[in-house]
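Following: one structure in C-alpha cells, then a few remarks.
The values are calculated or read from the model by the stated rules, or taken from the named source; none is laboratory data. Fair warning: this is a prediction, and the values are worked out from it, not measured in the lab. A quick note on method: Cβ atoms are made from the backbone with ideal geometry, for glycine too, and the neighbour counts reach across all protein chains shown. SASA here: full protein model, heavy atoms, side chains in, ligands and nucleic acids out. Shrake-Rupley method; radii C 1.70, N 1.55, O 1.52, S 1.80 Å.
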Amino acid sequence: METFKVIRMAKRGNLLPAEFRQEFLEKHREIRRAAKKVVVSVSTGEVAAGGKEAPFDGMAAIYYSSASEARAALGDDPSKVEVACDEHQMGQKPEADRLIKAQGQLKIVRTVIRRKDLTPAQFKDYWLKNHASLEKRVIAESPVIRIVASFALPPEAGGNEPSFDGMVELYFNTVEDIRAMFAGPIPDMMRKDEENFVQMDAPAIRLVAEEFVL
C-alpha cells in the first residue's frame, strides 16, 4: 500500500533554535486536526557527514489518502521546498518498533536528484529493485534502525518541477551511532551504487533532526 505525503521545509529566520522548534511544532499541531497524519522534524544543529550547515531548520510531512490529495495541497511558490511524494519503508531492525520514539527520534534526512539520463520512473525503479538490497545490508551491518525512502510524484501539467527526486531518512539511537556508521565502510558502498542513479554533483539537503509524530 502506497503512502502519500507533502514534504515542506522551513528556515528559522530570526528565531532562536528553541523558539523555532516550539513555533514549528505548534503550527503543525493545528494542521494535524485536518490531516491524516503529520510528522515534524527539527534540526539538532549537528552537521551530517558530507554536508555543511543544514540548509533548513525544520521539515514537515503531511500525509494524505491519495496522490491527487497530496498534489492538491501543494502551493505555487517555486522558491519554497515543497514536494508531493510517495513513501516506502525500505527496511528496519526486528526491534525497531520498540526502539523508535514517537517524540524526539533521532534521524538523518538526505535528498537526492536523479541522474540526468534517467526518467523519474527509471530512478525510482533502480532504487526499489537494486539499491534496496544494499539498504538491507545497512540495516544488518550498521546501527541504522530503520530506512524510509520517499519519491517525488511527477508534477501535473503546468506544475513546478520538484526540488528533489528522492529522499532517504535513516533512524538512529544516538549521535554516536551516526558517527560510527560514517566512520565505517557503509557510506562508500552506498555512494558507489548511487553513481548508477543519482546525480552526484547536484545540490543535496542533509539534515540531522529529531522527529515528532503529531
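Overview of results
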| item | result |
| --- | --- |
| The lone exception for Ser68 - which of (1) surrounded by 14 or more Cβ atoms within 10 Å (Cβ to Cβ); (2) among the hydroxyl-bearing types (Ser, Thr, Tyr); (3) in a helix (DSSP H, G or I) it fails | (1) |
| Any hit, the stretch 182-199, residues being among the β-branched types (Val, Ile, Thr), in contact with a helix residue (DSSP H, G or I) (Cβ under 7 Å, 6 or more places away or on another chain) and closer than 18 Å to Thr3 by Cα | no |
| Filter result (open to solvent by 50 Å² or more (accessible area, probe 1.4 Å) and charged (D, E, K, R)) within the stretch 90-123 | Glu95, Asp97, Arg98, Lys101, Arg114, Arg115, Lys116, Asp117 |
| The stretch 162-175: number of residues that are at pLDDT 95 or above and open to solvent by 40 Å² or more (accessible area, probe 1.4 Å) | 2 |
| Subset of the stretch 75-89 (residues that are within 22 Å of Thr3 (Cα to Cα) and either in contact with a Phe, Trp or Tyr (Cβ under 9 Å, 6 or more places away or on another chain) or open to solvent by 60 Å² or more (accessible area, probe 1.4 Å) (or both)) | Val81, Val83, Ala84, Cys85, Asp86, Glu87, His88, Gln89 |
| Number of positions in the stretch 138-157 that are over 18 Å from the mean Cα position of the chain (by Cα) and over 18 Å from Arg179 (Cα atoms) | 3 |
| Ala140 free of Cβ contacts under 8 Å to residues at least 12 places away in the same chain and either aromatic (Phe, Trp, Tyr) or open to solvent by 20 Å² or more (accessible area, probe 1.4 Å) (or both) | yes |
| Close pairs (9 angstrom Cβ cut-off, 6 or more residues apart or separate chains): under 21 Å from Ala204 (Cα atoms) and at pLDDT below 85 in the stretch 23-49, acidic (Asp, Glu) and surrounded by fewer than 13 Cβ atoms within 10 Å (Cβ to Cβ) anywhere | Gly45/Glu53; Val47/Glu53 |
| Subset of the stretch 10-50 (residues that are of a type in the set (D, E, K, R) and in a helix (DSSP H, G or I)) | Glu19, Arg21, Glu23, Glu26, Lys27, Arg29, Glu30, Arg32 |
| Residue in the stretch 189-214 that is modelled with the highest pLDDT, counting only those that are small (Gly, Ala, Ser) and either open to solvent by 30 Å² or more (accessible area, probe 1.4 Å) or in a strand (DSSP E or B) (or both) | Ala209 |
| Residue check, Val40 within 25 Å of Met181 (Cβ to Cβ) and either of a type in the set (Lys, Arg) or crowded, with 19+ Cβ neighbours inside 10 Å (or both) | yes |
